[in-house]
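A short write-up of the structure that comes next.
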Amino acid sequence: MVGYILGGEVLFWVLLLAGVSSRYLLGWRVTSAGLLLATPVVDLAIIALTYVDLAGGARSDFSHGLAAFYVGFSIVFGPEIIARFDRRFARRHTGLSEEQLPPVPIRMDLAYLCRCLIASGITVVLLAIGIALAGWADSFWLIYWIVVAVSTAVMWALVGPIRKRWGRGRKQDSPDHPTQDSPDRPTPREE
């Protein structure tokens, strides 16, 4: 299964590079759209192969859960990866102005947290289907990956706001933003 996942990841990037290359270097917009639309098919193939393997009597292993995790997060974050890669490729290989470049989503902490929650939810559903196919007795690794998916969402929620607050604190401590203890700033007694 790990080979399928790695092969799928390589195929994803090949399709992505072929799609943007055919659009910007060759001017083949229809071919480009077809290649870019084929990227989610790779995810479907990976999860289908996982389910075929489990339904065929294979005991779940680390890679079966990894496949569901990969597909769940790829479904949610894949379109943005494609959009950002498309924009960078266009900027580098065309003479388009900033306004003409393809748009990309704006990064917002809360939106990313919601997307992580959705990706974790999709992953849990995919893993639950795997458990139904394999049966409880053979589902240790699928259950393990459910814990990983839930933990990822919890950690994303905790680390995101903490990181942002820490970043704000460092900005206030910088020379551009003097703190109360800074010698450049007068104390209340000096004013």
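The values are calculated or read from the model by the stated rules, or taken from the named source; none is laboratory data. The structure displayed is predicted, hence computed values, not measured ones. For the accessible areas, the whole protein counts, side chains as well, though only heavy atoms, and no ligand, DNA or RNA atoms are used. Shrake-Rupley method; radii C 1.70, N 1.55, O 1.52, S 1.80 Å.
For the reader, a short list of remarks on this structure follows.
- Shown in residue order for the range 62-67 are the 3J(HN,Hα) couplings computed by the Karplus curve 6.51 cos²θ - 1.76 cosθ + 1.60 at θ = phi - 60°: 3, 5, 5, x, 4, 4 Hz (x for Gly and Pro).
- Cα Rg over Rh - the range 100-154, Kirkwood: 1.21
- Remark: the range 9-24, residue by residue, has Karplus-estimated 3J(HN,Hα) of 5, 5, 4, 4, 5, 5, 4, 5, 5, 5, x, 6, 5, 5, 6, 8 Hz, where x stands for each Gly or Pro and the curve is 6.51 cos²θ - 1.76 cosθ + 1.60 at θ = phi - 60°.
- Ratio Rg/Rh [Cα only; Rh per Kirkwood] for the range 57-109: 1.25
- Close amide-amide hydrogen proximity is noted between residue 38 and no other residue 5 or more places distant or on a separate chain, at a cut-off under 5 Å (H modeled in the peptide plane; Pro and chain starts excluded).
- Per residue accessible area in Å² of the range 1-159, where ligands, DNA and RNA are left out and the probe is 1.4 Å: 55
- Across the protein chains, with a 1.4 Å probe defining accessible surface, the residues 129, 122, 47 rank 129, 122, 47 from largest area downward.
- Cα pair count fraction exceeding 19 Å, expressed as % - the range 34-155: 55
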